[in-house]
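The values are calculated or read from the model by the stated rules, or taken from the named source; none is laboratory data. No experiment lies behind these values; they were computed from the predicted model shown. Here the Cβ positions follow ideal geometry from the backbone for every residue, glycine too, while neighbour counts run over all protein chains shown. In case anyone asks, the SASA skips ligands and DNA or RNA and just uses the protein heavy atoms, side chains included. Shrake-Rupley method; radii C 1.70, N 1.55, O 1.52, S 1.80 Å.
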Amino acid sequence: ASLRVLDMSSNELTDISPNVVRLLKLKDLHLASNQISALPTFMHKLSSLRHLNLSFNALCEFPPVLTSLTSLTYLDMERNKVPDIPPEISALTALADLYVDGNRISEIPRSIGQLTNLRKLHASSNQLHEVPAEILYLRKLKDLNLSENEFEDLPATELLTNIRILSIARNRIRSLPAEIHTLSLLRTFDVSSNEITALPKSIGGLKSLRILSLDNNYLDSLPDHVGYLSRLQVLELQQNNLRLLPKTMGCLSSLKELYLQDNLLDDIPDSICCITTFHTLNVTGNPLNSLPQTKRIGGSILWEFLRSRRLHNMRLQQAGVPNA
């Protein structure tokens, strides 16, 4: 048969028909959202298979037959009940995208370092507390998601110099390493919902950063070096303990969105008025008693976001803002 793509998602399947092995040219197989608990060994005959989606099934182990599908470039096993990844995964040397989010994985094998073509590794919502040092061999890795695990320290990712997207949200991380600046190509960095109390000065070395999510931590201040993030477009700082913002915030020349709700701020520095790209500011839930001394911030700041209980009765006209 010449069939190359087969999608059997959402069909309440509990097993796979032996007839599938007749599809010798099959490249994409979609089995998501079924009730499959194991893969039959005859699947090793699908030697041309490149894309396999097994997400949202009932797999209780990493199917051994998968390691014989050496042409795989994409493997999605999200939302199963897999407790571990076997060392034999190293046989999948063509693998570029690996998704194992929402399983019960407590350890990533050292052999992961042999997957040198890996570009995306998503392992959020597991039980990981460390990653092996061999992850540093993944020079092509650009997208790493380790959110909602059990990390207390940032994994040793500082040598992953090609990383573009790094998410370690919803862990128990208390600090960021001084070497964080070596991730010079990082564009999106999500460390929200951790236990971070301070940022290293080296955070200013992330020159390519566009999105920085630090919400729901324990920050009470920011280093002046934040102002060096000249390409930053979105900064999320809501639900911290911030009392003061550095004047260098005005140096964030590409900033478009700033989220500061539910902090302890009583003032916003006038320097943010220098940001011409600025269009969204949210400071609800702060004890603000003043606004920046200007009639405009950026091009079209959304003043309705500025309303908080303290500001509700203020004479906004004094700050150049029309009454809401």
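Considering the range 91-132, the residues that are β-branched (Val, Ile, Thr) and either open to solvent by 10 Å² or more (accessible area, probe 1.4 Å) or touching a residue at least 40 places away in the same chain (Cβ under 8 Å) (or both) include one that is nearest to residue 48 (Cα to Cα), namely 93.
Scanning the range 24-76 for residues that are among the hydroxyl-bearing types (Ser, Thr, Tyr) and within 25 Å of the chain's Cα centre (by Cα) turns up 33, 55, 73, 74. Per the listing 172, 139, the residue uniquely surrounded by fewer than 18 Cβ atoms within 10 Å (Cβ to Cβ) and either touching a helix residue (DSSP H, G or I) at 6+ places or on another chain (Cβ under 6 Å) or closer than 29 Å to residue 218 by Cβ (or both) is 172.
For the range 238-252, a residue qualifies if it is open to solvent by 60 Å² or more (accessible area, probe 1.4 Å) and over 24 Å from the mean Cα position of the chain (by Cα), and the qualifying residues are 243, 244, 247, 251. Scanning the range 8-25 for residues that are touching a residue at least 24 places away in the same chain (Cβ under 8 Å) and open to solvent by less than 60 Å² (accessible area, probe 1.4 Å) gives 8, 9, 16, 20, 21. Within the range 123-176, being among the β-branched types (Val, Ile, Thr) and either assigned to a loop (DSSP other than H, G, I, E, B) or at pLDDT 95 or above (or both) holds for 131, 157, 161, 163, 165, 168, 173. Of the candidates 61, 12, the single residue that is modelled with pLDDT of 95 or more and under 23 Å from residue 94 (Cα atoms) is 61.
Specify the residue that is farthest from residue 64 (Cα to Cα); the eligible residues are those in the range 85-105 that are outside any loop (DSSP other than H, G, I, E, B) and of a type in the set (A, V, I, L, M).
Once the filter is applied, the top-ranked residue is 98.
Checked across the range 274-293, the condition of being modelled with pLDDT under 80 and more than 20 Å from residue 221 (Cα to Cα) holds for at least one residue.
Residues being open to solvent by less than 60 Å² (accessible area, probe 1.4 Å) and in a strand (DSSP E or B) are entirely absent from the range 35-49. For residue 256, the stated conditions hold: it is touching a His at 6+ places or on another chain (Cβ under 6 Å), open to solvent by 20 Å² or more (accessible area, probe 1.4 Å) and farther than 21 Å from residue 153 by Cα.
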